[in-house]
Amino acid sequence: MPASLGTLAARARILKAVRAWFDAQGFLEVDTPARVRSPGQEVHLDAIAAGDGYWLITSPEYHMKRLVAAGCTRIVQIGKCWRADEHGPHHRTEFTMIEWYRAGEPLEALADDCEQLVRVAVQAAGRPPAALGIDAPFVRTTVRELVARHAGIELAGDEDATALRARVAAAGVRPGSATAWDDIFYQLFLDRIEPALARSRPTFVFDWPAPLAALARPKPDDPRVVERFELYAGGLELANAFGELTDAIEQRRRFEDEARLRAERGKAVYPIDEELLAALPAMPATAGIALGFDRLVMFALGATDIADVTAFTAI
Amino acid sequence: MYDTSDIRKGLKIMVDGSPYTVVEFQFVKPGKGAAFTRTKMKNLLTGAVLERNLRSGDKLEPADVETKTMQYLYADADSFIFMDTSTYDQVNIPKATVGDSADFMPENINVEVLFFNGRAVGVSLPNFIEQTVMEAEPGFRGDTATGATKPAKISTGASINVPLFISVGDVIKIDTRTGEYLERVGRA
């Protein structure tokens, strides 16, 4: 069902409140290209072709990082992103993302931002905070803690895929035909951890294993994990944040790995974003995050399907 | 073989050696991981419900199951004999396989027989049947509103609780899933 007029009004109020909050924190709202030569390179994100060798962005992160490297310290963008073949109660090929960066600040600052933003959204929606479990501080935990608690597995982050598969299978999870580290991990995650997160108060999950680094930098005191958190609330994956990798050599190596994996799996291989790599050395230590705006509205309104909070469903 | 993109309601697949039918499914994509299909399935032999997260690209073995409309003819010592209504072939199905369904399976009724790897493994009855009461205490006309009931026997030998006004020769409607009397529909 498309959203009712009342829901659309609430969505507009939430958007307005979110913009006002970023403005009050001193963020500069930016507007980067939606049609690019190098969309997100990640193995499990597929871009939609936009003609003449261009693609629609799966996230605005590459251009926003170039702005940070050029001297912007607090920037935010609220705009559309596109991811091919994603359809479901929590997924749309076209959706609205809030992405923001804090240069010179730690990852924890973004978690604090999220707590405030979720409260701002719920207040704008006119819903009682206690009913949504946000009247107390959000839970902060780590991937290792969750895996130990819900699967009884000690996860280091530097074990190879074969060892991980054996441990996951011993815990009673069926990894199916999975041989890649991330595929085995996410089978465990979906079977054991996500159901527990769905029942819990809003929770930040920190310290992701290095094989799930994406664009995050290794933790200085334990490089088997990276500076990354995800925020889960009301059964929704609301946000993903990184202490951004600024090492251009390591970033190039990851892009090349991802390009090779994409080629092996028969997926489109996107050109490596050389302008981003050229800009990285000038980028200060930065924390960056993407939060799904449609899902934030779902959480604030208690909706269970993204279609309930968007005006048109047939996209 | 199927893969996850083939998943839809009613798809019949093998899981751990048993045939299942898909009841519900949902696209999920955790973190920066691969797409999965959260799939709720019902075991076609036991009715047990199972949920599995099937990763995109996982292969699924089709279950060799088929349902045929068959007419129940008669019983012998240890089996029931059915006839395929399209080919007129007859098959024997062990009484244990039919189980309690036999209580509401009068002769000549059409049922759906489930075959797994070519072998009959289950019988499903129509949800409602109409049966003539064969035995019951005499009826009390006019007594339609109190909740009181009495046992009555139908042709299969099963005994069900009916209101006091029902008498021998009445045709009654029965819910085969619960074994409950629903209404009186006429006289035989």
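Every number in this text was worked out from the coordinates using simple rules, so none of it is lab data. Because the structure is predicted, anything quoted here is derived from the model rather than measured. Because the Cβ atoms are built from the backbone with ideal geometry, glycine has one as well, and the counts that use them run over all protein chains shown.
Considering segment A:83-98 alone, what residues qualify as being over 19 Å from A:Pro2 (Cβ atoms) and either within 14 Å of another protein chain (Cβ to nearest Cβ) or in contact with a Gly (Cβ under 7 Å, 6 or more places away or on another chain) (or both)? Working first, answer last.
At the first step, the residues of segment A:83-98 found to be over 19 Å from A:Pro2 (Cβ atoms) are A:83-85, A:97-98.
Within segment A:83-98, A:Arg83, A:Ala84, A:Asp85, A:Met97 meet the criteria.
Summed over segment B:8-27, the residues that are buried (at least 21 other Cβ atoms within 10 Å of the Cβ) and either within 14 Å of another protein chain (Cβ to nearest Cβ) or farther than 19 Å from A:Asp191 by Cβ (or both) give a count of 2. A Cβ distance below 8 Å, combined with a sequence gap of six or more or placement on separate chains, defines the contacts here; from segment A:184-203, residues that are at the interface with another protein chain (Cβ under 10 Å from one of its Cβ atoms) and without any contact (Cβ under 8 Å) to a residue 12 or more places away in the chain reach no residue that is charged (D, E, K, R) and part of a helix (DSSP H, G or I). Note on segment A:22-39: among residues that are of a type outside the set (A, V, I, L, M, F, W, C) and in contact (Cβ under 8 Å) with a residue 60 or more places away in the chain, the one that is farthest from A:Arg252 (Cα to Cα) is A:Gln25. Among the residues of segment B:38-49, those that are under 19 Å from the mean Cα position of the chain (by Cα) and part of a strand (DSSP E or B) comprise B:Met41, B:Lys42, B:Asn43, B:Val49.
Say whether the condition of being more than 28 Å from A:Gly292 (Cβ to Cβ) and touching a helix residue (DSSP H, G or I) at 6+ places or on another chain (Cβ under 9 Å) is met by at least one residue in segment B:21-36. Scanning segment B:21-36 turns up no residue that is more than 28 Å from A:Gly292 (Cβ to Cβ) and touching a helix residue (DSSP H, G or I) at 6+ places or on another chain (Cβ under 9 Å).
Residues that are in contact (Cβ under 8 Å) with a residue 24 or more places away in the chain, among the acidic types (Asp, Glu) and loosely packed, with under 14 Cβ neighbours inside 10 Å, at least 1 per element: which strands (runs of 3 or more DSSP E) completely within segment B:51-111 meet that?
Ranges flagged: B:59-62, B:65-75.
Which ones in segment B:1-20 are touching a Phe, Trp or Tyr at 6+ places or on another chain (Cβ under 7 Å), within 29 Å of A:Arg295 (Cβ to Cβ) and outside any loop (DSSP other than H, G, I, E, B)? Listed by number, the list is empty, since nothing qualifies. Could you list, in sequence order, all residues of segment A:62-73 that are out of contact with any Leu (no Cβ under 7 Å at 6 or more places or on another chain) and not in a loop (DSSP other than H, G, I, E, B)? Residues satisfying the conditions are A:His63, A:Met64, A:Leu67, A:Val68.
Going by the conditions given, is A:Pro220 out of contact with any helix residue (DSSP H, G or I) (no Cβ under 8 Å at 6 or more places or on another chain), within 12 Å of chain B (Cβ to nearest Cβ), without any contact (Cβ under 8 Å) to a residue 40 or more places away in the chain and not hydroxyl-bearing (Ser, Thr, Tyr)? So A:Pro220 fails the test.
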